[in-house]
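Novice: I'd like to ask you about the structure that follows.
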Amino acid sequence: MAIRVRVKHEQQSVVPVRFVRAVTGAPVADAPDVDDRGFAMGTRADTWGESDALGAMVSLAVGDTVRVKVLREDIEAAARLYVTSTDTDLVRVVHPAGGGPLPDSGIFSIQGVADRQNEPVAVQVRYGSANGPVVGELEPHIFELVHIRLAVHLVTIDGAGTDRRSANVATTRTNVDTLVRGANAIWRPCGVRFTYADARIVEETIRRRVAPATGSEYLHRPSNTWRALPNPLGAAANFAAAGTVTTDAATYPDPNHQYDEFDTLLNINPIANAVNVYCVHAGTGWVGLSYVTNVGMAGRAGLGLAIADTASTFDLAHELGHYLGNNHADADNAGHDTDNKDVWLVRRLMYSQWPAGAPAYRNDVGYGPNQYGALISVKTLDGDYSNADGEVARSRLRARNPY
Ligand SMILES: [Zn+2]
């Protein structure tokens, strides 16, 4: 059937297919989210070279085989589609054999072969045969896997109800694996893998004291002795509430001291050459906290993050995203959350605040109803939120020098 195309504004892309995640529901390591925001690639100064590929980008690790789905947006279900790579030294099509025809599911598999700078590659969907006309393009970025060591501190503040060894506490030695594995499913396409070891899961104890005694103490693990709190709380101050890292403005009205408990926590028995993750029972109004750190801060003490017992794998992955240098996806140029509820922002791992449950459609951003999105942006788009874009590139820069 002939198609008449009327070109507007000097150029027009007619794209009968799109690329989407191969699965719905929770993030899966071998089914990366596809950054399909916009078609014009621009010069992409912050990312990798230039290419004339039109369409979506995806990232994957060298050696990994990942699944991506072709969505037939404007093409007959009976049309035979084939998938090919423009450079099989960089990425190759693993399934379907010979590139096609694509199965009814639209799902194909590609394998990352090599990580080379400024060598763009495209996966092309072709009509009719492996030599047919190109009807859609996906630009994969392939990365060597970088490992980042985590040190996990299971923190008890005043024992009762927050004892890390009791079975009713959410974050225990036994479920660290679940948390880290979930975060790894989200970060795998960026070529980042978080590791932990039994020796780097440690228990910390803080005990508050009441008048006339003053000042909380913590167990200094290397010497097994009780010591006064490190700064900024220091010897005279208390953690305000049992089991809790308090950061609310009512307790700490001076904004310069609002995060003193958090900053103090990060100085309790930190383990060198690891990202220190402090698991506490509760935070005041947060389930995870981390500074947005950058490469220039490498080697500085007092960096790390905290998660509460209610934190999910998504929350851990989000805080690790901050640690790896990323502000919120909806941050404006001054770094403030805009609370913009556009789905293309809400879908991002680094989105600031999940929208309310109603209207319900707002809460399905491709991961199922009321499921957080976990897209880590590959593209750097021009526009209001470009300062928060290019998360893969920014994170990898930090990941290569992470401690
Ligand atoms: Zn955040």
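The values are calculated or read from the model by the stated rules, or taken from the named source; none is laboratory data. These numbers come from a predicted model, not from an experiment. All Cβ positions, glycine included, derive from the backbone under ideal geometry; neighbour counts span all protein chains shown. Areas reflect the complete protein model, heavy atoms only, side chains present, ligands, DNA and RNA absent. Shrake-Rupley method; radii C 1.70, N 1.55, O 1.52, S 1.80 Å.
Novice: Do the conditions hold for Ala317, that is, is it touching a residue at least 12 places away in the same chain (Cβ under 8 Å), in a helix (DSSP H, G or I) and among the aliphatic types (A, V, I, L, M)?
Specialist: Numbers: touching a residue at least 12 places away in the same chain (Cβ under 8 Å): yes; in a helix (DSSP H, G or I): yes; among the aliphatic types (A, V, I, L, M): yes.
Answer is yes for this residue.
Novice: Additional query: Which residues, counting only those in segment 264-287, are within 16 Å of the ligand (Cβ to nearest atom), more than 23 Å from Val346 (Cα to Cα) and open to solvent by 30 Å² or more (accessible area, probe 1.4 Å)?
Specialist: Thr284
Novice: If a residue must be among the small types (Gly, Ala, Ser) and in a loop (DSSP other than H, G, I, E, B), how many such residues does segment 93-135 contain? Before you say what the answer is, go through the steps one by one.
Specialist: Step one: filter segment 93-135 for residues among the small types (Gly, Ala, Ser), giving 97-100, 105-106, 109, 112, 114, 122, 128-130, 132.
Within this subset, residues satisfying the condition of being in a loop (DSSP other than H, G, I, E, B) are 100, 105-106, 114, 122, 128-130, 132.
Qualifying residue count for the region: 9.
Novice: Within segment 215-229, how many residues are open to solvent by less than 30 Å² (accessible area, probe 1.4 Å) and outside any strand (DSSP E or B)?
Specialist: Of the residues in that region, 3 qualify.
Novice: In addition: Which residue is modelled with the highest pLDDT, if the candidates are limited to segment 168-204 and must be part of a strand (DSSP E or B) and open to solvent by 40 Å² or more (accessible area, probe 1.4 Å)? Step through it out loud before you land on a result.
Specialist: Our first condition is that a residue be part of a strand (DSSP E or B); within segment 168-204, this holds for 192-195, 201-204.
Within this subset, residues satisfying the condition of being open to solvent by 40 Å² or more (accessible area, probe 1.4 Å) are 193, 203.
Values: Arg193: 98, Glu203: 90.
Out of the qualifying residues, it is Arg193.
Novice: Given the criterion over 17 Å from Ile157 (Cα atoms) and assigned to a helix (DSSP H, G or I), identify the matching residue among Asn256, Asn273.
Specialist: Result: Asn256 is the single residue among Asn256, Asn273 that is over 17 Å from Ile157 (Cα atoms) and assigned to a helix (DSSP H, G or I).
Novice: Tally up the residues in segment 276-299 that are more than 20 Å from His328 (Cα to Cα) and in contact with a strand residue (DSSP E or B) (Cβ under 6 Å, 6 or more places away or on another chain), please.
Specialist: 5
Novice: Give segment 88-108 a look and list any residue that's under 12 Å from Val123 (Cβ atoms) and hydroxyl-bearing (Ser, Thr, Tyr), or say none.
Specialist: Thr88
Novice: Now for a separate question. Scan segment 180-238 for residues that are touching a residue at least 12 places away in the same chain (Cβ under 8 Å) and basic (Lys, Arg) and jot them down.
Specialist: Arg181, Arg188, Arg193, Arg200, Arg207, Arg208, Arg209, Arg221
Novice: Quick one: Ser290 ticks every box in (1) open to solvent by 30 Å² or more (accessible area, probe 1.4 Å); (2) within 12 Å of the ligand (Cβ to nearest atom) except a single one, so which number is it?
Specialist: (1)
Novice: Shifting gears a bit: With the requirement that a residue be buried (at least 18 other Cβ atoms within 10 Å of the Cβ), within 11 Å of the ligand (Cβ to nearest atom) and of a type in the set (S, T, N, Q), what does segment 319-365 give you?
Specialist: Those that are buried (at least 18 other Cβ atoms within 10 Å of the Cβ), within 11 Å of the ligand (Cβ to nearest atom) and of a type in the set (S, T, N, Q): Asn326, Asn327, Ser352.
Novice: Right, another one. What residue, of Gly299, Gly304, is assigned by TED's automatic domain parsing to the domain that holds Asp260, exposed (fewer than 15 other Cβ atoms within 10 Å of the Cβ), on the phi > 0 side of the Ramachandran plot and away from the ligand (no atom under 13 Å from the Cβ)?
Specialist: Within the list Gly299, Gly304, the selection yields Gly299.
Novice: Right, Gly383: open to solvent by 10 Å² or more (accessible area, probe 1.4 Å), at pLDDT below 85 and away from the ligand (no atom under 15 Å from the Cβ) or not?
Specialist: Working: open to solvent by 10 Å² or more (accessible area, probe 1.4 Å): yes; at pLDDT below 85: yes; away from the ligand (no atom under 15 Å from the Cβ): yes.
Considered against the rule, which asks whether it is open to solvent by 10 Å² or more (accessible area, probe 1.4 Å), at pLDDT below 85 and away from the ligand (no atom under 15 Å from the Cβ), Gly383 comes out as yes.
Novice: Being in a loop (DSSP other than H, G, I, E, B) and closer than 29 Å to Asn276 by Cα narrows it down to one residue among Gly373, Gly357; which is it?
Specialist: On the way: Gly357 fails: closer than 29 Å to Asn276 by Cα.
That would be Gly373, the only listed residue that is in a loop (DSSP other than H, G, I, E, B) and closer than 29 Å to Asn276 by Cα.
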